[in-house]
Amino acid sequence: MKTIPVTLQLAKIFYSEFHRTNKPPVGHKKSYVALLGDEWIKCIMVDPMDLPEAWLKDEHEDLRIRYDDAGDCYLYTKGQIVGICTIGRPVARWTDPKVYEFTRICFNFEPKTNKERKYYSKFIREAMSDFQLYHQVSKFVTYIHDYQSGRYLEYAGFKKDKHIKYSANNKGWETRPNRSHSDLKPKLRFIKEAA
């Protein structure tokens, strides 16, 4: 399995295709995709206008676009997509500017063996490790729905920090113009101190 950085535009395409509960993030500091294997796989039909022009000229060695006989454009990946994650500035307020949040984590892989079950946490560890090469980080934070176990986060070194329940009167970001509806379902917060 390899973890590679991807542009925000490409990450948004992956999230639109694979994420079940959230829309793609608006911004990021860095996004990653985990690929398993070396065979080229026809992954997602894409609109070339959604991809950055520079990326179309200088294709990534593990990602390509190709047109089929009908003229449809597809993204091919060198290996099966295991997951996608995005790291950005925290949505919640933190006084420490070195706190970064995994704003999205999405998996597109059903593990069948014990070795494969470790891919999720390995992916998150590798993304954190690469991110820290370019940013000063004091801690990482992420949130998951409280019905999810978060076991892969614990294996990646995160600790369950807080259970968050919103009051019936809480409107989230809806009080601001042009904001989408907030997900006000109970969540679990996980924190990982940087190494």
| Going down the table (LYS30/LYS139; LYS118/LYS162; LYS162/LYS185), which pairs top 22 Å between alpha carbons? | LYS118/LYS162
| message | A 29 angstrom limit on the alpha carbon distance is what I want to check against. Which of LYS42/LYS187; LYS112/LYS159; LYS78/LYS160; LYS12/LYS98; LYS2/LYS42 exceed it? | response | LYS42/LYS187; LYS78/LYS160
| Packing-based exposure ordering (other Cβ within 10 Å, fewest first) of HIS19, HIS135 | HIS135, HIS19
| message | From the phi angles alone, apply the Karplus equation (6.51, -1.76, 1.60; θ = phi - 60°) to region 133-140 and give each ³J(HN,Hα) in whole Hz, x where the residue is Gly or Pro. | response | 5, 10, 9, 7, 10, 9, 7, 10
| Under the Karplus relation 6.51 cos²θ - 1.76 cosθ + 1.60, θ = phi - 60°, what is the ordered set of whole-Hz ³J(HN,Hα) values for region 108-119, x standing for Gly and Pro? | 10, 7, 9, x, 10, 10, 4, 4, 5, 5, 7, 4
| query | Using 7 Å Cα-to-Cβ label points, what is the ASP69/ARG117 separation (nm, one decimal)? | reply | 4.5
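Every number in this text was worked out from the coordinates using simple rules, so none of it is lab data. Remember, predicted model here, so these are calculated numbers, not experimental data. A quick note on method: Cβ atoms are made from the backbone with ideal geometry, for glycine too, and the neighbour counts reach across all protein chains shown.
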